[in-house]
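In what follows, a structure is listed as structure tokens, so that the remarks can point back to it.
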Amino acid sequence: MIREIIKPQTQIHTIEIPKEYLNRDVEILIFPISPAKTEKGRIHQLIRKTSGIISNQKIDPVMWQKEIRNEWDNR
């Protein structure tokens, strides 16, 4: 199976069919995908949802890191 996501710049796009697919029935699908379905889109959405989520919590990053590590040390 070959799957490729492209961003066409023209209405004409030429594809190269592998030799092992010659003389066989193949299906070629063309449909738009939303940006959220791409890896870049997912990361962007995650950042938008979580950025600044704890900015008003007055957390000292060094103390927070020590507490997290202590949880694992005391198991």
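Quick notes on this one:
- Single residue of region 5-36 satisfying the filter (charged (D, E, K, R) and either part of a loop (DSSP other than H, G, I, E, B) or surrounded by 10 or more Cβ atoms within 10 Å (Cβ to Cβ) (or both)) that is nearest to the chain's Cα centre (by Cα): K7
- Condition check for K49: loosely packed, with under 10 Cβ neighbours inside 10 Å and assigned to a helix (DSSP H, G or I): yes
Values in this text are rule-based calculations from the coordinates and carry no lab data. Keep in mind that what you see is a predicted model, and the values were worked out from it rather than measured. Reconstructed Cβ throughout: ideal geometry from the backbone, glycine too, with neighbour counts over all protein chains shown.
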